[in-house]
2 protein chains.
Amino acid sequence: MNTLSYGLLSLLTKNSRSGYELMQHIQPFWSAKHSQIYPLLAQLEQKGHVAFVHVPQSDKPDKKVYSITEQGKDALRGWIAEPTDEPVTRDELSLKVYCIGLVDKEQARKMLAVREVYYKKKKERFNLLMDKIQQGSEKPLDQLEIGDDAFGMYVLVHKATMKVDTDLYWCEWMKEKLK
Amino acid sequence: MNTLSYGLLSLLTKNSRSGYELMQHIQPFWSAKHSQIYPLLAQLEQKGHVAFVHVPQSDKPDKKVYSITEQGKDALRGWIAEPTDEPVTRDELSLKVYCIGLVDKEQARKMLAVREVYYKKKKERFNLLMDKIQQGSEKPLDQLEIGDDAFGMYVLVHKATMKVDTDLYWCEWMKEKLK
DNA sequence: CTCCTTTATGTCATTATTGACATATAAACA
DNA sequence: TGTTTATATGTCAATAATGACATAAAGGAG
């Protein structure tokens, strides 16, 4: 079973969700398209790690809502105990920046400006996410502990916010360099 | 032509390198194995974007040293002008942290400790890289400008250093949370 | 003298991921 | 009324990336 499969199981420990919802919620932490997720859910279902029910909706198309089974939780615990793969990052921008001397300052500034907009939008999304976590929690977020349901999500969004702040700081620094 | 191919061309704008060296030098910014790089280099050679010479070595096995051609540089400039793909990050740890409540504090701490060691080693490597860039530069690094040969590498390693510092800061923060 | 590691290049099967195609419901908009 | 957007699920071909296999030269450790 691949990493994304375990990632889907991870999400399902908190809420039962449809494939579409899983796709939306896993995006910030593991980019994947629906064309990858639907087949994996079918696999997980065949193995008995998840189960689903058809949920009719009046305002939207019907959906299949998946839940994790006890067997799925066992598989998850086994996976967490195993050694963790190193993170993989692939950023086309870094390859372009490496040979940025090939183009003029103006083009370089534009390239960086596009990325800055991307980071700002991302930061905005993480801020909204953090608000949503706070709304669903009785405790103030900085008092959450490992046993609390929202703990994992909180510390991850905190990490993501720290990262995007660093990225934005670098953008500012680069603007100075390209003045 | 895929992004990695352009990445290889990017590296070759600064130095002529063998496939093995390219693999080592592109790693910090785009993870790729030799089994992906060698076929791409053959492709690039067929298209006339790079050329190579056999270089015999006495202390090590002989190698093929690739250089970028004028045609390759033109291709690179075209690629830089195109819209840049958004960065892709896949970190198995984040998926595990999401459902960290499934395991006890001790196991969680161990998992994070392994990652912290990874970040520290990475930071050490970037420090060495920065030293090496300084050694090859006449100017102090903070005075480098877009026209300077080492500029791209310098700003990238600076970004990477900022990122790994943020990651290490998060690890410290997590240690407090898991006390 | 043998084993291990690093350097060095390559192929190939498998897996992971994307992008295109396909279909359908419902709301919003013009 | 027709168009677009978001929701929702799915398949399949093509591409990207990895892991295993293969070979070889040179140096160092034991």
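The values are calculated or read from the model by the stated rules, or taken from the named source; none is laboratory data. Bear in mind that the values here come from a model prediction, so they are computed numbers and not experimental data. Don't worry about glycine lacking a Cβ; one is built from the backbone with ideal geometry, like all the others, and counts go over all protein chains shown. The accessibility values were calculated without ligands, DNA or RNA, using every heavy atom of the protein model including side chains. Shrake-Rupley method; radii C 1.70, N 1.55, O 1.52, S 1.80 Å.
What are the equivalent ellipsoid semi-axes of the stretch B:92-177, built from the alpha-carbon gyration tensor (square roots of five times its eigenvalues), in whole angstrom, biggest first?
Value: 36, 11, 9 Å, ordered largest first.
Think of chain A as a dipole: +1 on every Lys or Arg Cβ, -1 on every Asp or Glu Cβ, centred on the Cα centre; then among A:Ile26, A:Thr166, A:Gly101, A:Gly101 lies furthest on the positive end. Averaged over peptide A:1-13, the number of partner chain Cβ atoms lying within 10 Å of each residue's Cβ comes to 3. What accessible area, summed over both chains, is buried at the B-A interface (1.4 Å probe, Å², nearest 100)? Counting both chains, the buried surface is close to 6900 Å².
Using equal-weight Cα scatterers in the Debye expression, the normalised intensity of the stretch A:71-140 in log10 at q = 0.13, 0.15, 0.21, 0.26 Å⁻¹ is -0.75, -0.84, -0.96, -1.06. Under a 5 Å amide H cut-off, with hydrogens placed 1.01 Å from N, B:Ser18 pairs with B:Tyr66 among residues at least 5 apart or on other chains.
With each label modelled as a point 7 angstrom along the Cα→C-beta vector, the A:Tyr38-B:Thr3 pair spans 2.5 nm. Shown here: chain A, whose C-alpha atoms stretch 58, 43, 38 Å along the first, second and third principal axes, sorted largest to smallest. With its label point defined 7 Å out from Cα along the Cα-to-Cβ axis, A:Glu124 lies at 4.3 nm from the matching points of the other copies, in increasing order.
Label-point distances for B:Asp165 to the equivalent site in the other copies, using a point 7 angstrom along Cα→C-beta, read 1.4 nm when ranked shortest first.
Accessible area per residue was computed with a 1.4 Å probe on protein heavy atoms; B:Met130 scores about 40 Å². Sorted largest first, the spans of the alpha carbon positions of the stretch A:3-81 along the three principal axes are 42, 25, 21 Å. Mean residue ellipticity, 222 nm, helices only, chain A: the sum of -39500 (n - 2.57) across DSSP H runs of n ≥ 4, divided by residue count and rounded to 500, is -20000 deg cm²/dmol. Inter-copy label distances at B:Gly147, using a point 7 Å along Cα-to-Cβ, come to 6.5 nm with the shortest given first. In plain terms, if you count all Cα to Cα distances in the protein assembly as shown and split them into 10 Å steps from zero, the share in each step is 5, 21, 28, 24, 16, 7, 1, 0 percent. Modelled spin-label separation between B:Asp104 and B:Lys132, with each label point placed 7 Å from Cα along the Cα-to-Cβ direction: 4.4 nm. Separation of the stretch B:135-179 from the stretch A:8-69 is 38 Å, based on Cα centroids. Here the contact order of the stretch A:13-103, divided by its residue count and restricted to Cα pairs under 8 Å and six or more residues apart, works out to 26 percent. When chain A is treated as a Gaussian network with alpha carbon springs shorter than 10 Å, the biggest mean-square fluctuation among A:Leu41, A:Leu93, A:Leu11 belongs to A:Leu93.
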